[in-house]
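Have a look at the structure below, then the notes.
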Amino acid sequence: MEVFNRILSRVFLLTMAVSFAPSNVSAQNDLRIKNICRLKGQEENTLQGLGLVVGLKGTGDGGDSKPGIRALSQVIQKMGGQVAADIQGRLLEKEMANAKNVALVFVEVTVPPSGAQPGDKLSCKVSAISAKSLEGGNLMLTHLLGPRADRPVVYGLASGPIVIDSPKVPTSGKIVDGCKMELAVVNEFIANNKISLIVDPDHRSIATSQNIEDSINEYQSSVESTSSINSNSNPNRYGKAEKNKTAKAIDQTTIEVTIPGIYKEYPIQFVSLVLDLKLLNLENKKRVYIDEREGVLIIGEEVSIAPVAISHKNLTISARGPAKPKGNFVSMSSKDGDAERPTLKNLTDALNVLAVPTADQISIIKALKKDGLLFGELIIE
């Protein structure tokens, strides 16, 4: 009987997934929770270690790098090689002073948010400490420690030929699939039958957190209603706690979600459904992004400016006036035809009509922000 009930419960959960998961084709482009949130605990981790690169073409550390010479001497000694020592047993490192084909390097591996299991292979980054170039080098077997610096545990082993990313920076390269995991890095995201959703920095606000909370609670309410209708016994069979709110917004950053009883044995399915929920009426960020080096200008649709008249070189732009340009004069009209509340997009459209270069547009936007005439966040990189 117990086996039958478990099978029945599984069928019910699958039915809920099909009935309430937002999977219709027309909504594929809708913004979902997974697009602006991550699971707390599902973060990248870094493994790191010090290693030796051999096989260089005279571009190694040389005799000036005592740490590199010392490390090379110790490796040779551990591998059965003979290195002279003084009467106190200390290695005579000066014998390795002319080893110009060897370099001491820093090795770093990024473990993805999903974690890693023994046997997984990850790419690693290799950076020289004092060598002139790592081109043609081969990393000797290196222990990678982490992810916590206070627990020096070997999680992976790295080795292999180095590929230089850019000829302009020969002191840095990578080893594709050069790290083999020896221990598992598991990122737990369920604690005390709860998960925490962390909103991306670009979308953090009180309104966004409340929107996410409402979306999850509305979905759970629909599940509970259907479970009560389809239940042949007590409609409260899943517990009174199920009537409480499943999601609770803690602040602009965190939304805490309790896993319902009907998903107790299937938490991954519940998390998947939550992350795929659509978000309605998400607050549009009033933001302008400028990349001056690349000449990139990205403007939020709701960024507005004060009614102004702008003179730049031989151009004149006004928030009032005729809709079409006349000579070097062009007006701006707002989205609703109200010149009292023009948007920044109206301004850039007018500037584009006059073929104003992007660099000049950026200068105008920066001046508006400086004078307090631009209503939105300005990000310059």
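Read the figures in this text as sums done on the coordinates, not as results from a lab. Remember, predicted model here, so these are calculated numbers, not experimental data. Ideal geometry is used to build each Cβ from the backbone, glycine not excepted, and the neighbour counts take in all protein chains shown.
Points to keep in mind about this one:
- Take the Cβ atoms of D360 and S166, set R0 to 35 Å, and the FRET efficiency comes out at 0.60.
- Residues L141 and D276, FRET efficiency given R0 of 30 Å [Cβ-Cβ distance, rounded to 0.05]: 0.10
- K174 versus R148: modelled label distance in nm, points set 7 Å from Cα along the beta carbon direction: 3.0
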